[in-house]
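S.K.: My structure is below; once you've seen it, I'll send some questions.
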Amino acid sequence: MLTYLIRRLILVLPVAFGVSVICFLLVQIAPGDPLTAIMPVDATAEEQDAMRAAYGLDKPLPVQYAIWIGNLVQGDMGKSIASGRPVAGEVFGAVQNSLVLALSAAVIAFPIGIFLGFLAGYFRDTWIDRVVTAISIAGVSVPNYWLGIVLVIIFSVNLGWLPSMGAGPGGSSEWEWNWLHIRHLILPAVTLAVVPIGIVARTVRALAGDILTMDFVQALYAKGMSRADVLRHVARNAAATALSVMGLQLGYLLGGSILIETVFNWPGSGFLLSNAIFQRDLPLLQGTILVLALFFVAMNLIVDVAQAAIDPRIQRT
Amino acid sequence: MALAETLPTEPAPAAKPQGYWSGVGARLIRDPLTLFCSAVILGLILAAIFAPWIGLADPYKGSMIARLKPLGTEGHILGTDEQGRDMLARLIYGGRLTLFIGLMPVVFAFFIGSALGIVAGYVGGLTNTIIMRTVDVFFAFPSVLLAIAISGALGAGIVNSLVSLTIVFVPPITRVAEAVTSGVRALDYIDAARATGADAFTVIRVHVIGNVLSPIFVYATSLTSVCMILAAGLSFLGIGVRPPEPEWGLMLNTLRSAIYVNPWLSALPGVMIFITSLCLNLLSDGLRSAMNVRD
């Protein structure tokens, strides 16, 4: 197991390197001179050159990359152009809020998805199966940013039960676990949960359906095992695959919540990202994307290792 | 002699061999849901193409006194938007850009990804390593994040959206194409073809493509719904299509300010996105079973 772990860790390094290259190149593909955002309009050519040298922008790209990555490993992600504050601080504050949202959505989505999927797999080709399949197709097809707006129309505009914006009373962005804050969490978390419910239900349905037709299930029934015990065997067989799908979904929830965060003005990483885009704050854009992507890479790694740890059928060497 | 006489002199009339595509067609005809979904998609595309000739109001012409009229208003069956422009006209015209930006990236990615994946899968070795490891890096980004990152850096615009969405969908298609091609590459008939002296290009053209395109195609169709949602999502965020063009995601964004005035009107563009993406998903599922592709 330890060799497997080390081998997986080594395999992650080139991917992490590639991710950092893409994030570095993001700023390079952006049109316009990065200096125009910070330089006064009447700056002379010499002043511009001096500034360019000060930011290291006169050096060749590989050197610029080396300097950037050197600062990065020391925790320095540069300064936000719009606010002047260090990018690292801004990103980590926002990622915490995004994590609250993503984990809440996962807590809603995974049990419902598993339950629906198992139900459909168990009662395959009955009306229950068809209803669940319809739900899961609708779930993966719905543009969730629109669903968010619909929920706001129903629960905020028409019924007035829940707030439609922000993460706490008075637009506070500091998250606390109390009812005043949780009220703000309900609508975005439910909205974000819909797509993973569809995906998890579809996966579990296929898994449960396949496993239930296997010979060992017949054998277990034949030797007189109770239905509940048989289902426990089925669940154990499905666990590894189901877990890996859910792990990936958690990564998607964190990285993909930007549209939902925009709909609900949730002060998370997605909201930060859309602000960075509109203020052309490229260091902030770069930093946020890098952190989210690296989180996704780490999530993939954890999923792989966890899957190998619980499923003895996977080669661990 | 007696034995020979009892033998049939002519072979029993064999059933006409059914081709692969006629089989697919026959299965599709018997699948009403898939047919219905293709009709809806086709209808939306045709309506978008022929929008100027079907007697709709001008989608750009607003009216200060007729803003945010509710559904069912005389002369504006689906009401008017925040600038008094006819919603029905804008929804139908909106299909032009939304469907174009929502479908074309998958088409581009299908060609680029298939080419990369088939080369990687057939040639193998170092070429495979370089292509596939590069593809792996893109898998480190959730698709929404990657699309927003590239579009955010490039800025708003139709071409930029097409570029960023194509980049998002090339890696998954390449991965599928590579997997399918390496599977076919290992079969004996490919060795036989190579033994006759055919070069790699000929073998790929004659023997590989026909056997790998169906699964890649079906996989690509399953991405169209996500692509549609993402394309409209980019415009919704303001990094896709620019105003005043009618586009469903953009309309959803500009109408958000009206949810307290005329809530259900502001949800209409999203209904269009939902219907389209639902039909694309069901159509893809139908094609998958009709074409006998297993994932």
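S.K.: Taking the condition within 14 Å of chain B (Cβ to nearest Cβ) and assigned to a helix (DSSP H, G or I), does A:Leu259 pass? Spell out the reasoning first.
M.R.: Values: within 14 Å of chain B (Cβ to nearest Cβ): yes; assigned to a helix (DSSP H, G or I): yes.
Yes: the conditions hold for A:Leu259.
S.K.: Continuing with the same structure: If B:Tyr260 satisfies all but one of (1) within 7 Å of chain A (Cβ to nearest Cβ); (2) part of a loop (DSSP other than H, G, I, E, B); (3) under 15 Å from B:Met87 (Cβ atoms), what's the number of the condition it fails?
M.R.: Exception for B:Tyr260: condition (3).
S.K.: Kindly indicate whether A:Met246 is outside any helix (DSSP H, G or I), hydrophobic (A, V, I, L, M, F, W, C) and modelled with pLDDT of 85 or more. Before the answer, list the steps.
M.R.: On the way: outside any helix (DSSP H, G or I): no; hydrophobic (A, V, I, L, M, F, W, C): yes; modelled with pLDDT of 85 or more: yes.
It is false that A:Met246 is outside any helix (DSSP H, G or I), hydrophobic (A, V, I, L, M, F, W, C) and modelled with pLDDT of 85 or more.
S.K.: In the list B:Ala57, B:Ala140, which residue meets the criterion of being open to solvent by less than 40 Å² (accessible area, probe 1.4 Å), modelled with pLDDT under 85 and in a loop (DSSP other than H, G, I, E, B)?
M.R.: Values: B:Ala57 fails: open to solvent by less than 40 Å² (accessible area, probe 1.4 Å).
Exactly one residue qualifies, and that residue is B:Ala140.
S.K.: Another question about this same structure. When B:Ser266 is evaluated against the numbered criteria (1) surrounded by 21 or more Cβ atoms within 10 Å (Cβ to Cβ); (2) in contact (Cβ under 8 Å) with a residue 60 or more places away in the chain, which criterion, by number, is the only one it fails?
M.R.: (2)
S.K.: Further, regarding this structure: In segment B:277-295, how many are closer than 21 Å to B:Ala231 by Cα and more than 9 Å from chain A (Cβ to nearest Cβ)? Step through it out loud before you land on a result.
M.R.: To start, the set of residues in segment B:277-295 that are closer than 21 Å to B:Ala231 by Cα comprises B:277-284.
Applying the additional criterion that residues be more than 9 Å from chain A (Cβ to nearest Cβ) yields B:283-284.
Going through segment B:277-295 one residue at a time, the tally reaches 2.
S.K.: Across segment B:143-158, what is the total count of residues that are within 12 Å of chain A (Cβ to nearest Cβ), open to solvent by 10 Å² or more (accessible area, probe 1.4 Å) and either out of contact with any Lys or Arg (no Cβ under 9 Å at 6 or more places or on another chain) or in a helix (DSSP H, G or I) (or both)?
M.R.: Residues meeting the conditions: 4.
S.K.: I've got another one for you. When you scan segment B:200-212, how many residues do you find that are under 23 Å from the mean Cα position of the chain (by Cα) and open to solvent by 80 Å² or more (accessible area, probe 1.4 Å)?
M.R.: Going through segment B:200-212 one residue at a time, the tally reaches 1.
S.K.: Ok, one more. Please give the number of the condition B:Thr224 fails out of (1) away from chain A (no Cβ under 14 Å); (2) within 15 Å of A:Ser141 (Cα to Cα).
M.R.: (1)
S.K.: Also, I was wondering about something else. Give segment B:172-199 a look and list any residue that's in contact (Cβ under 8 Å) with a residue 24 or more places away in the chain and open to solvent by less than 10 Å² (accessible area, probe 1.4 Å), or say none.
M.R.: B:Ile173, B:Thr174, B:Ala177, B:Thr181, listed by residue number.
S.K.: Could you list, in sequence order, the residues of segment A:100-137 that are without any contact (Cβ under 8 Å) to a residue 12 or more places away in the chain and of a type in the set (Ser, Thr, Tyr)?
M.R.: A:Thr126, the sole residue that qualifies.
S.K.: So which residues in segment A:138-169 are assigned to a helix (DSSP H, G or I), touching a residue at least 24 places away in the same chain (Cβ under 8 Å) and open to solvent by 20 Å² or more (accessible area, probe 1.4 Å), if there are any at all?
M.R.: Across segment A:138-169, the qualifying residues are A:Ala138, A:Val140, A:Asn144, A:Leu147, A:Leu151, A:Phe155.
S.K.: I need the full set of residues from segment B:239-249 which are in contact (Cβ under 8 Å) with a residue 40 or more places away in the chain, more than 7 Å from chain A (Cβ to nearest Cβ) and not acidic (Asp, Glu), in order please. Explain how you work it out, then say what you get.
M.R.: Going through segment B:239-249, the residues in contact (Cβ under 8 Å) with a residue 40 or more places away in the chain turn out to be B:239-242, B:244-249.
Within this subset, residues satisfying the condition of being more than 7 Å from chain A (Cβ to nearest Cβ) are B:240-242, B:244-249.
Matches in segment B:239-249: B:Gly240, B:Val241, B:Arg242, B:Pro244, B:Pro246, B:Trp248, B:Gly249.
S.K.: Just a yes or no: is a residue in segment A:76-91 open to solvent by 60 Å² or more (accessible area, probe 1.4 Å) and part of a helix (DSSP H, G or I)?
M.R.: no
The values are calculated or read from the model by the stated rules, or taken from the named source; none is laboratory data. Predicted, not measured: the structure shown is a model, and the values here were computed from it. Glycine gets a Cβ as well: all are built from the backbone with ideal geometry, and neighbour counts include every protein chain shown. For the accessible areas, the whole protein counts, side chains as well, though only heavy atoms, and no ligand, DNA or RNA atoms are used. Shrake-Rupley method; radii C 1.70, N 1.55, O 1.52, S 1.80 Å.
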